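**Student:** Here you go, one structure.
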There are 2 protein chains.
Amino acid sequence: MVRAVSDTHGEILAAAARRFAVTGYRGTSLQDIAREVGCSKATVLYHFANKEALLAELMAPAIGVLRDLDDQLTGLTGAAAQEVAAQGFVDLAVRFRREIAVLRGEFPELLCQPAFAHIQQISDRLRDALAGHSDRPGARIAALVLLAGISEACAEFVDIPDDELRPALLTLVRRAVEPVAVPLPQPPTTEDKDS
Amino acid sequence: MVRAVSDTHGEILAAAARRFAVTGYRGTSLQDIAREVGCSKATVLYHFANKEALLAELMAPAIGVLRDLDDQLTGLTGAAAQEVAAQGFVDLAVRFRREIAVLRGEFPELLCQPAFAHIQQISDRLRDALAGHSDRPGARIAALVLLAGISEACAEFVDIPDDELRPALLTLVRRAVEPVAVPLPQPPTTEDKDS
DNA sequence: TCAGGGTCTGACCGATCGGTCAGGCATGCT
DNA sequence: AGCATGCCTGACCGATCGGTCAGACCCTGA
């Protein structure tokens, strides 16, 4: 039976998310998390095999959405790829700001962990799509600046509601992305979202 | 007499810059730096009072240029401030990519150190200038995304020569920045600044 | 020749890290 | 009552961190 009288597992997860977002993964010790929960460090390691497993469970939802976006991107080219990448990433970044903040600056080392095996390749494809699959330096640079900047900005703008942040970022991306040969189709009035 | 037969001081500084840029400040131990130089950890601490002093000396030139940019910005408003901020920061980011990479993700903690006392305020003013001193959320978000994105991009694009990276970034910023009421004057052949 | 200062090092320190382990405690089932 | 199980803990471990210190090794000037 699952006796959820006190969801210590979830409390640890929430505390870790809060601490990681402020002081980073490496900068947060298991002691810190335990102190915030109000339990012992051994309890944290009772619910999670190790620190890395804690991080992996924390990031799992965001990684799943990123994988879905990657799937949507396969086969798309040019302006269509740009638009899907823009909408998908902005939405992902806004929804998972805290998770993204966790990775702040520790991407290179963290990506070496098996839990994040293919994230680098996925983000490379995402960047490529946002550049309209163009190999012009201007397009590639713009795509990287936007992806990195949005990640950082979302981590910082914790006080801005999603509904305000998302359209502002999307407008910025559409304005900043280097246009490709195929013109970007005018977005219709309806704002239907496909899964 | 300064006997520079073997400039260990400089070698340590260079090695620290290399390691910090890859594994970050906190992720690099004094042992790592000493190993790269080929000396003992005690030697590193003979030339530098502590790890923080090593970082401070490493970042001093970049901080100096940032301060100069901050001075240039005082008094400017609107499109003029945007243009000076754009040019100044792009140039700074391109020149000091490695130094900027050091700070990757460790900004919040590092800024607490006395060596970086006023960096936060300066970067806030820089962001404000790039937003054309507008308080509209779109302008503020765009400014933050661009500053953060450029920092991150410069740290990653180590293989692109300065002369190629700088104009690409500047073009992107001019395209992406939210225009303010006073229209940005078309950049003429001469490059003087008007209010 | 020798004193002295600049340079460098191995050994060591306390603190903290992630992680292990045996056992205490409460509860539910038989 | 007795036992098993889930949850939790203090004590402890080896490794590594930043930093200290006494002393060895030059080189130079007197």
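The values are calculated or read from the model by the stated rules, or taken from the named source; none is laboratory data. Every value quoted in this text rests on a predicted model; they were computed, and no experiment measured them. Backbone-built Cβ (ideal geometry, glycine too); neighbour counts: all protein chains shown.
**Student:** So, in the stretch B:61-98, how many residues would count as being within 14 Å of another protein chain (Cβ to nearest Cβ) and charged (D, E, K, R)?
**Tutor:** Qualifying residue count, the stretch B:61-98: 1.
**Student:** Name the residues in the stretch A:20-34 that are away from DNA strand D (no atom under 11 Å from the Cβ) and outside any loop (DSSP other than H, G, I, E, B), would you?
**Tutor:** Residues of the stretch A:20-34 that are away from DNA strand D (no atom under 11 Å from the Cβ), as a first pass: A:20-25, A:27-29, A:32-33.
Once the filter is applied, which keeps residues that are away from DNA strand D (no atom under 11 Å from the Cβ) and outside any loop (DSSP other than H, G, I, E, B), the stretch A:20-34 yields A:Phe20, A:Ala21, A:Val22, A:Thr23, A:Asp32, A:Ile33.
**Student:** For the subset of the stretch A:101-126 comprising residues that are surrounded by fewer than 19 Cβ atoms within 10 Å (Cβ to Cβ) and charged (D, E, K, R), which member is modelled with the lowest pLDDT?
**Tutor:** Checking each candidate, the answer is A:Glu109.
**Student:** Okay, next question. If a residue has to be within 21 Å of B:Ala93 (Cα to Cα), facing chain B (nearest Cβ under 7 Å) and surrounded by 20 or more Cβ atoms within 10 Å (Cβ to Cβ) to count, how many in the stretch A:145-170 make the cut?
**Tutor:** The total comes to 7.
**Student:** Contact list please: Cβ distance under 8 Å, first residue in the stretch A:108-120 and free of Cβ contacts under 8 Å to residues at least 12 places away in the same chain, second residue assigned to a helix (DSSP H, G or I) and among the hydrophobic types (A, V, I, L, M, F, W, C), pairs at least six apart or on different chains.
**Tutor:** Cβ pairs passing all conditions: A:Pro108/B:Val22; A:Leu111/A:Ile119.
**Student:** When you scan the stretch B:162-179, how many residues do you find that are touching a helix residue (DSSP H, G or I) at 6+ places or on another chain (Cβ under 8 Å) and over 20 Å from B:Arg136 (Cα atoms)?
**Tutor:** Here the count works out to 9.
**Student:** Follow-up question, since we're still on this one. Filter the stretch A:171-195 for residues that are modelled with pLDDT of 90 or more and not basic (Lys, Arg); which is surrounded by the fewest Cβ atoms within 10 Å (Cβ to Cβ)?
**Tutor:** Taking the candidates together, the pick is A:Thr171.
**Student:** Being surrounded by fewer than 19 Cβ atoms within 10 Å (Cβ to Cβ) and of a type in the set (Phe, Trp, Tyr): is that true of B:Tyr46 here?
**Tutor:** For B:Tyr46, the condition - surrounded by fewer than 19 Cβ atoms within 10 Å (Cβ to Cβ) and of a type in the set (Phe, Trp, Tyr) - is met.
**Student:** Here is a check on your reading of the model: is A:Ala153 aliphatic (A, V, I, L, M), under 18 Å from B:Phe107 (Cβ atoms) and in a helix (DSSP H, G or I)?
**Tutor:** Yes.
**Student:** Within the group B:Ala17, B:Ala53, which residue is surrounded by fewer than 17 Cβ atoms within 10 Å (Cβ to Cβ) and either in a helix (DSSP H, G or I) or within 16 Å of DNA strand C (Cβ to nearest atom) (or both)? Steps first, please.
**Tutor:** Values: B:Ala17 fails: surrounded by fewer than 17 Cβ atoms within 10 Å (Cβ to Cβ).
Result: B:Ala53 is the single residue among B:Ala17, B:Ala53 that is surrounded by fewer than 17 Cβ atoms within 10 Å (Cβ to Cβ) and either in a helix (DSSP H, G or I) or within 16 Å of DNA strand C (Cβ to nearest atom) (or both).
**Student:** Could you tell me how many of the residues in the stretch A:127-142 are more than 7 Å from chain B (Cβ to nearest Cβ), farther than 13 Å from A:Leu172 by Cβ and buried (at least 24 other Cβ atoms within 10 Å of the Cβ)? Talk me through it step by step, then tell me what you get.
**Tutor:** Step one: of the stretch A:127-142, the residues more than 7 Å from chain B (Cβ to nearest Cβ) are A:127-136, A:139-140.
Still in the running and farther than 13 Å from A:Leu172 by Cβ: A:127-129, A:131-136, A:139-140.
Now drop any that are not buried (at least 24 other Cβ atoms within 10 Å of the Cβ), which leaves A:129, A:131-132.
Result for the stretch A:127-142: 3.
**Student:** For the stretch B:24-31, indicate whether the set of residues that are within 30 Å of B:Ala142 (Cα to Cα), more than 16 Å from DNA strand C (Cβ to nearest atom) and surrounded by 19 or more Cβ atoms within 10 Å (Cβ to Cβ) is non-empty.
**Tutor:** To start, the set of residues in the stretch B:24-31 that are within 30 Å of B:Ala142 (Cα to Cα) comprises B:24-26.
Within this subset, residues satisfying the condition of being more than 16 Å from DNA strand C (Cβ to nearest atom) are none.
Within the stretch B:24-31, not a single residue is within 30 Å of B:Ala142 (Cα to Cα), more than 16 Å from DNA strand C (Cβ to nearest atom) and surrounded by 19 or more Cβ atoms within 10 Å (Cβ to Cβ).
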